[in-house]
1. Once the range 404-475 is represented by equal point scatterers at the alpha-carbon sites, with solvent omitted, what log10 I(q)/I(0) does the Debye formula produce at q = 0.28 Å⁻¹?
2. Enter the mean projected area of the convex hull around the alpha-carbon atoms of the range 359-496, in nm², rounded to one decimal.
3. Thinking of the range 125-179 as a set of Cα atoms, what percent of all their pairs are more than 15 Å apart?
4. For n ≥ 4 DSSP H runs only, could you compute -39500 (n - 2.57) per run for the chain, divide by its residues and tell me the 222 nm figure to the nearest 500?
5. Give the Rg (one decimal place) followed by the Dmax (whole number) of the range 72-221, computed from C-alpha coordinates and expressed in Å.
6. May I ask for the net charge around Leu291, where only other residues with Cβ less than 10 Å from the Cβ of Leu291 are counted and Lys, Arg are +1 while Asp, Glu are -1?
7. What are the radius of gyration and Dmax of the chain, computed over its Cα atoms and given in Å?
8. Using the Kirkwood formula on the Cα atoms of the range 198-348, what hydrodynamic radius do you get, in angstrom to one decimal?
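The values are calculated or read from the model by the stated rules, or taken from the named source; none is laboratory data. Just so it is clear, the model here is predicted, and its values are computed rather than measured. Cβ atoms come from the backbone with ideal geometry, glycine included; neighbour counts cover every protein chain shown. Side chains included, ligands, DNA and RNA excluded: accessible areas come from the protein's heavy atoms. Shrake-Rupley method; radii C 1.70, N 1.55, O 1.52, S 1.80 Å.
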Amino acid sequence: MIDSIRVVGAGGRVGSTVSARLAERGVRLDGDDPEVVLLCVPDRAIAEVAAGIEPGPWIAHVSGATPLAALARHERRFGMHPLQSFSKARGPEQLDGAWAAITAETEEARAAGFELAELLGLRPFRLEDARRATYHAGAAVASNYLVTLRHAAGSLLEAAEAPPEALDPLMRGVIANGFELTGPIARGDWETVARHLQVIRETRPDLEELYLVLARATAAIAGRELPSDTVSRDRPAGAPVFRTIAELRAALAHRRAGSIGLVPTMGSLHAGHLSLLTAAREECDTVVMSLFVNPAQFTAEGDLASYPRDEGRDLALAEDAGVDLVFAPSEAEMYPSGFQTWVEVTELGAVLEGEFRPGHFRGVATVVLKLFAIVRPDRAYFGAKDAQQAEVIRRMIRDLALEIELRVLPTVRDADGLALSSRNVLLSPEERRRALALPRALATGDAGAARAVLAESNGLVVDYVEVADFDPPVLAGAVRVGDTRLIDNVPLEGDD
Ligand code: AMP
């Protein structure tokens, strides 16, 4: 039974905790002739302090990394390393339940080490002096690198504008659950892992190596292997896509020194969209394409549901066109619950298209203003094909003093004259043939003549054909062919 111990370094983190526990247990700490001298000093000081102590009592250190040879002068020696991270803010209860590595060269020394550990409330186990570095490496990975992981994970949450401290209960939960592996690698969800890597490369490229090393090690635990196309820089195919406002903002943060161009689209890209992307690529340092089928601008039942969608193809085309980032948010991301702020361009938004599709331009102006707020572009690209839309955006930019240059590019047409539109794929060959009457009528450049052309063509329902005083003025028309509604216009001044 050890009843007298001298603690050297009792003011330090380990020394103060150990001393407090020994005092609790009634062990004398100030005796002249102690049974054990316990060195709670920094590792680099152990050899020197040990050399200054007269041999006789047991001498022990509490270092994980230092070999017993550091206690050279003494034969009665052992090491007792409590496997715990101590804080001066807490008391001896920090010892409870912690383990302690006992290193000793004789059975007697080991017995003394075990006795001291148990006296302190620790759970002793044997550690060979020669294996000390291996053991200590494990302890460092578990304790020190946990801090590193928390820092790395915290910086990703910060990049997502989420509170990093939200990670702490999660990390504790993993420990409380016995380190059970959950998440994408456990499920073999390589899509998600590829997306992680993609956003890390965009937002925190310095963390890519760490993520990859950990992902490989985690896959091994799950009995899997990371597929090479998951980690390849070419995956996933297509331009990098961002689903949330926070992710996109983080990715744009380091691009703001240069100019940013935004091309808003609803996808199903065709050569009309590509002309906007090409212009943006030529004129801006960073090109952002948004891909969002905006429910708020659909007014006819079934139109939203039947709107053509092919994201994979769009991302590949966007990549070919040199788009840097695609923003493809969910409906909930753009219209979170409780959403109630709308932009209405009152007069311009109520005529022509606005008359036949009430609320359409309110949906357009609102989503475009929100995209402007998210992307903060220097230039925004729109097609002359939707002349009234361009005019509504021009008005909104002026009225709200937005610092954005509006670029409107000419309508791209098929060889037969039909303006390209994502909705053209919904036309049967017969409907498409009939639809050609619209560009033919508008090409007359005269509202009366255009109406006459349309009146002669079978199976077209004309919503309107009007001259609109836009910039430039246009002859605009809208017709319905079967279930599909088509709009087109020609400029009455300037080039198309
Ligand atoms: P959407 O995906 O239909 O919302 O269109 C996205 C952008 O592409 C809008 O600014 C449209 O005006 C433009 N756009 C659509 N069709 C054409 C076209 N045939 N030529 C030029 N621009 C177009």
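1. -1.38
2. Value for the range 359-496: 8.8 nm².
3. Everything past 15 Å amounts to 61 percent.
4. Mean residue ellipticity at 222 nm (helix-derived): -12000 deg cm²/dmol.
5. Values for the range 72-221 (Cα only, Rg and Dmax): 20.3, 61 Å.
6. Net charge around Leu291: -1.
7. Values for the chain (Cα only, Rg and Dmax): 36.1, 118 Å.
8. For the range 198-348, the Kirkwood estimate is 17.7 Å.
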